[in-house]
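Data block below; observations after.
Please treat every number below as a calculation from the coordinates, not as lab data. None of the values given here were measured: they were computed from a predicted structure. Neighbour counts are summed over all protein chains in view; Cβ atoms, including those assigned to glycine, are modelled from backbone coordinates with ideal geometry.
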Amino acid sequence: MTVKQQTLFVALFVSVLSVAGFFPHALDLPVYQALRTFHNPLAEQIWDAVAYLGDGWVVVPVCLVLAGFGYWRRRECVQEISLRCLGAYTISGIAAQGFKHLLGRPRPRLIDEPSAQWGPSFVSGFDAFPSGHTTCAFALAAVLSHFYPRWRILFFILACLVATARMVRGSHWVTDVVAGALLGTFVGMWMVTLQWDQRRLRTPTPPT
């Protein structure tokens, strides 16, 4: 990742944070009010299922199993992809949690007013910014897109669905998920630039 790309991601993240903090009624409130008008039990169950694509209880075991399979079958590409995904998920998750508790933004399901006071907090529900599920989903999408570029659009569509699910279910404001998308993509792109044992393994052929 180039210095220019890093600067761009930081600038965009700070911009989203500024909008969320100083102009919440410009974007967060209208989107939240629009989403509140849609209530369908079946759709809500589907969105809950979609959100699991960014959940650690699903992602971590899958990555570990695939890494073990790659080691057992001596498939270095499978092992590398799995470990890079796991690394991106872990680092992006830690970064997201740090921002969450430092900023302490209330979740939409707790309040109807996005301009509520922010501040450092470890209280459950006061950890909206950025969206952790979205951050991790976009980190995984960025890593997988590096190895399977032909499937890039699909990976990021799935990540966007995770972000949407978090808003629909009242867990996040729209600026929370946008910030999470930026943070996750940044970490994912950084993760694929790391050298593995000072060598480049052959990029695997995309699945057919």
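At a glance:
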| item | result |
| --- | --- |
| Label-zone membership for region 167-196, site residue 69, 7 angstrom Cα→C-beta point, backbone N under 17 Å | none |
| Whole-Hz couplings from phi, Karplus 6.51/-1.76/1.60, listed for region 176-182; x for Gly and Pro | 5, 6, 5, 5, x, 4, 5 |
| Full-extension gain in nm, residue 157 to residue 36, via 0.36 nm per residue minus C-alpha separation | 41.3 nm |
| Net lengthening on full extension, residue 55/residue 22 (0.36 nm per residue, minus Cα-Cα) | 8.9 nm |
